[in-house]
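Q: My questions all concern the structure below.
The values are calculated or read from the model by the stated rules, or taken from the named source; none is laboratory data. Note that this is a predicted model, so its numbers are computed, not measured. As a convention, Cβ positions derive from the backbone with ideal geometry for all residues, glycine included, and neighbour counts pool all protein chains shown. Accessible surface is based on the protein model in full, side chains and every heavy atom, while ligands, DNA and RNA are left aside. Shrake-Rupley method; radii C 1.70, N 1.55, O 1.52, S 1.80 Å.
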Amino acid sequence: MLLTATMFLSVDGVYQGPGGRNEDTSGGFDRGGWLVPHFDEETGAFMTEVFARPAAFLLGRRTYEIFAASWPNATNPDDPVASKLNSLPKFVASRTLKDPAWANTTVLQDDLEQAVRDLKARPDDGELQVHGSGRLLRFLLEHELVDRLNLLVFPVIVGAGERLFPERGLDTRLELESSRTTPSGTHISTYRPAGRAEYGEATVE
């Protein structure tokens, strides 16, 4: 399976609590819901495309708990997001989650890197999809496990909250596969990680 990650970001790189004020208040974060004014029809269409492709989901514990608190209540079989999240296998990277109640959930507790490599090695045409789960995504990038990276950058500077990329981490070159800007100003880019970043010297002629 290809491992693809989709992340909602502000211009300043915040991923925490995009969908609502009470979605993720950890660390005293009180600026949740920052993407809602900018989530337009074209953004929704892109996410529908994404959710047409999963074979399974890989989530961090916090994102899993946010999803598990809401998506099981969405029972419309025609909902392209809810139908996939509720029916397909879900793998959660956590050392603390016990006895998850959401159907088709497996907790990955030991040797996460190998567990993910084993999932990717399964002969399935669908994608192993990561949504949100910023800390998990940093781990996957550090271990070069991501095959495609969808970044949706919304036109807002949040100014607080957890940011996706750390002050120091693995340098990674990205090859752009596609990009678009929606009417609300959200920039959607799909990248393929392509090894280490390249460096050079700027010259003036």
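Q: Kindly evaluate R53 against the criterion of being touching an Asp or Glu at 6+ places or on another chain (Cβ under 9 Å) and closer than 17 Å to L152 by Cβ.
A: On the way: touching an Asp or Glu at 6+ places or on another chain (Cβ under 9 Å): yes; closer than 17 Å to L152 by Cβ: yes.
When the stated conditions are applied, R53 passes them.
Q: Whether any residue in the stretch 71-89 is in contact (Cβ under 8 Å) with a residue 60 or more places away in the chain, in a loop (DSSP other than H, G, I, E, B) and more than 20 Å from V153 (Cβ to Cβ) is what I want to check. Outline the logic, then answer.
A: Pass one, the stretch 71-89, residues in contact (Cβ under 8 Å) with a residue 60 or more places away in the chain: none.
Looking for residues that are in contact (Cβ under 8 Å) with a residue 60 or more places away in the chain, in a loop (DSSP other than H, G, I, E, B) and more than 20 Å from V153 (Cβ to Cβ), one finds none in the stretch 71-89, hence no.
Q: Restrict the check to the stretch 99-114 and report whether at least one residue is more than 22 Å from E23 (Cα to Cα), in a strand (DSSP E or B) and open to solvent by 50 Å² or more (accessible area, probe 1.4 Å).
A: For the stretch 99-114, residues more than 22 Å from E23 (Cα to Cα), in a strand (DSSP E or B) and open to solvent by 50 Å² or more (accessible area, probe 1.4 Å): present.
Q: Something else: Among the residues of the stretch 167-205, what is the count of those that are more than 27 Å from D40 (Cβ to Cβ) and either in contact with a Cys (Cβ under 6 Å, 6 or more places away or on another chain) or of a type in the set (V, I, T) (or both)?
A: Residues flagged as more than 27 Å from D40 (Cβ to Cβ) and either in contact with a Cys (Cβ under 6 Å, 6 or more places away or on another chain) or of a type in the set (V, I, T) (or both) within the stretch 167-205 amount to 3.
Q: Kindly indicate the residue of the stretch 19-53 that is in contact with a helix residue (DSSP H, G or I) (Cβ under 8 Å, 6 or more places away or on another chain) and assigned to a loop (DSSP other than H, G, I, E, B) and also farthest from L145 (Cα to Cα) among those meeting that condition.
A: Taking the stretch 19-53 as the starting set, the residues that turn out to be in contact with a helix residue (DSSP H, G or I) (Cβ under 8 Å, 6 or more places away or on another chain) are 19-20, 23-24, 26, 47-48, 51-52.
Next cut, assigned to a loop (DSSP other than H, G, I, E, B) only: 19-20, 23-24, 51-52.
Working: G19: 27, G20: 30, E23: 28, D24: 26, F51: 20, A52: 21 Å.
Among residues in the stretch 19-53 that are in contact with a helix residue (DSSP H, G or I) (Cβ under 8 Å, 6 or more places away or on another chain) and assigned to a loop (DSSP other than H, G, I, E, B), the one farthest from L145 (Cα to Cα) is G20.
Q: Output the qualifying pairs, or none if there are none: Cβ atoms under 9 angstrom, residues six or more apart or on different chains, first residue in the stretch 183-201 and closer than 13 Å to N150 by Cα and of a type in the set (G, A, S), second residue open to solvent by 30 Å² or more (accessible area, probe 1.4 Å) and at pLDDT 95 or above.
A: Within 9 Å, the pairs are S189/V153; S189/L174; S189/L176; S189/E177; S189/S178; S189/S179; S189/R180.
Q: Quick check: anything in the stretch 145-159 under 27 Å from S184 (Cβ atoms) and loosely packed, with under 13 Cβ neighbours inside 10 Å?
A: Initial filter on the stretch 145-159 (under 27 Å from S184 (Cβ atoms)): 146, 148-159.
Adding the requirement that they be loosely packed, with under 13 Cβ neighbours inside 10 Å leaves 157, 159.
Yes, because at least one residue in the stretch 145-159 is under 27 Å from S184 (Cβ atoms) and loosely packed, with under 13 Cβ neighbours inside 10 Å.
Q: Here's something else I'd like to know. Determine whether E42 is under 19 Å from S189 (Cα atoms) and out of contact with any Phe, Trp or Tyr (no Cβ under 9 Å at 6 or more places or on another chain). Reasoning before the result, please.
A: Working: under 19 Å from S189 (Cα atoms): yes; out of contact with any Phe, Trp or Tyr (no Cβ under 9 Å at 6 or more places or on another chain): yes.
Judged against the criteria, E42 is a match.
Q: Follow-up question, since we're still on this one. When residues of the stretch 122-144 are filtered for being surrounded by fewer than 16 Cβ atoms within 10 Å (Cβ to Cβ) and either hydroxyl-bearing (S, T, Y) or without any contact (Cβ under 8 Å) to a residue 12 or more places away in the chain (or both), how many remain?
A: Total meeting the criteria: 1.
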